[in-house]
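Report on the structure given below.
The values are calculated or read from the model by the stated rules, or taken from the named source; none is laboratory data. All of these numbers come straight from a predicted model, not from anything done at the bench. Counting neighbours? That spans all protein chains shown, and the Cβs are built from the backbone with ideal geometry, glycine included. With ligands, DNA and RNA removed, areas are computed over all heavy atoms of the protein, side chains included. Shrake-Rupley method; radii C 1.70, N 1.55, O 1.52, S 1.80 Å.
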Number of protein chains: 2
Amino acid sequence: MKISAQEEYGLRCLVQLANLGAGETLTLPQIAEREGISVAHAGKLLWLLNRAGFVNSTRGPKGGYFLSRPASEIRLNEIIKVLDEDVLSSHCESYTGVLEKCVHTGDCGIRPVIVGLHELVEHALGQVTLAALVDNEEKVDAMFHQIEGMVKRAQPRGLGQ
Amino acid sequence: MKISAQEEYGLRCLVQLANLGAGETLTLPQIAEREGISVAHAGKLLWLLNRAGFVNSTRGPKGGYFLSRPASEIRLNEIIKVLDEDVLSSHCESYTGVLEKCVHTGDCGIRPVIVGLHELVEHALGQVTLAALVDNEEKVDAMFHQIEGMVKRAQPRGLGQ
DNA sequence: TCAAATCCTTACTTTTTCGTCAAGATTGCG
DNA sequence: CGCAATCTTGACGAAAAAGTAAGGATTTGA
């Protein structure tokens, strides 16, 4: 199970922009340098994010990229959906997306697991905004530990063995 | 974020074997046919699972594959770890695995998210055994909805915006 | 002992993802 | 205007993942 390169570095680029003050922008070379990737690579990522409506840009001298919405209104699940196709995707063509009914024979037991994971990840990412990532690193950290604690106490019913 | 083909189809093969009665086996052509993949492909997956100690096999006529441990002692997180490298992996070389300290400059806010996701997924998969997949489809389903419900009630503290 | 059934292993091909390159378009400034 | 800084776009190449092919090894049973 993997976070794709596009997801990871696209998210990093957005974090850079979320750190800017009002009216500030970052150029491709600046973003590339800070993330340790090539300018061309950054260019492609920012182009994707632009097309998806997360960032805007101005060309020419003094130009650059900036968020097109407040960081507090951008949630991680939206970002991941745009950089990949879904929050969590699987291969079996019997799924339409991940959530539709499986056409495999009745003894396919893995569907509920994939659906469950999808919901878990989707929901967790939906709780985190870009702003939270920038401003409240400790709080995000605390939140995840809180969730983890809840999950730990939640389950030992119905399974066991 | 993606479930790799190896993870998905490897898991499916194990589910097939977990459905067997004592002393029964399945041959590669049988497994391949049931999952809609080529025999060669099934062969590679079963070889991985064999090497990892989840299945055993006998050769010759009447041979085939079978689980080397009871399905109730095999948890999904172990399986995923073997079929890929980890339950959830990321790209940044600054992580050693996902859980070590990030070497990026201090303003890298995404580390806690990756670590949090890792723990979430790891823990969820650790709750599900192969046996549960086969025998208790409804119970697994119910469990995930239970976890999801807990997570939903758990978080709105510390983030909000 | 031979033949058929079966797994085992390595090498290869295809597809997808990742990343680069280069030419083009737009803007600001002297 | 004309140059330089900047983003935009599509084509290309490299690397990784997915899947295929084929010959070898082992076992059973007649």
Exercise. Evaluate the relative contact order of the range B:1-84 (contact order divided by residue number), counting alpha-carbon pairs under 8 angstrom at least 6 apart; express in whole percent.
Key: 35
Quiz item: If you put +1 on each Lys and Arg Cβ and -1 on each Asp and Glu Cβ, how big is the dipole of the range B:1-84 around its Cα centre, in Debye rounded to 20?
Solution: 180
Quiz item: Which ³J(HN,Hα) values, rounded to whole Hz and listed in residue order, are derived for the range B:14-29 from phi using the Karplus coefficients 6.51, -1.76 and 1.60 in 6.51 cos²θ - 1.76 cosθ + 1.60 with θ = phi - 60°, glycine and proline given as x?
Solution: 5, 4, 4, 5, 5, 7, 6, x, 4, x, 7, 9, 10, 8, 4, x
Quiz item: Considering only the label points, 7 Å along Cα→Cβ from Cα, what distances in nm to one decimal separate B:Asn56 from the same position in each other copy, shortest first?
Solution: 6.8
Self-check item: Protein accessible surface hidden between A and B, which excludes ligands and nucleic acids, total in Å², probe 1.4 Å
Solution: 6600
Exercise. Take every residue in peptide B:2-14, count the Cβ atoms of other chains within 10 Å of its Cβ, and give the average of those counts.
Key: 4
Quiz prompt | ³J(HN,Hα) computed for each position of the range B:120-128 - Karplus, 6.51 cos²θ - 1.76 cosθ + 1.60, integer Hz, glycine/proline x | solution = 4, 5, 3, 5, 4, 5, x, 7, 10
Quiz item: Between A:Glu85 and B:Leu48, how many nm apart are label points set 7 Å from Cα along the C-beta direction?
Solution: 1.9
Exercise. Arrange the residues B:His118, B:His91 by how much accessible surface each exposes, largest first, with a 1.4 angstrom probe.
Key: B:His91, B:His118
Quiz item: Kirkwood hydrodynamic radius for the range A:1-48: how many Å is it when counted over pairs of different Cα atoms?
Solution: 11.0
Practice problem: Go through the range A:113-129 and flag every residue whose accessible area shrinks by 50 Å² or more with all protein chains in place compared to the isolated chain (probe 1.4 Å). | Solution: A:Val113, A:Leu117, A:Glu119, A:Leu120, A:His123
Quiz item: Amide H of B:Ser89: which non-local residues (sequence gap of 5 or more, or other chain) have their own amide H closer than 5 Å, using H built in the peptide plane?
Solution: A:Lys2, A:Ile3
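In what sequence, highest mean first, do B:42-52, A:10-20 appear when ranked by Cβ atoms within 10 angstrom?
Working: B:42-52: 17.8, A:10-20: 21.1.
So the peptides B:42-52, A:10-20, ranked by packing, come out A:10-20, B:42-52.
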Practice problem: Quick one: which residues, 5 or more positions from A:Val55 or on another chain, have an amide H under 5 Å from its amide H? H modelled 1.01 Å from N in the peptide plane, none for Pro or chain starts. | Solution: A:Asn50, A:Ser68
Self-check item: Calculated log₁₀ intensity ratio I(q)/I(0) where the Debye formula runs over C-alpha points of the range B:1-84, q = 0.20 Å⁻¹
Solution: -0.87
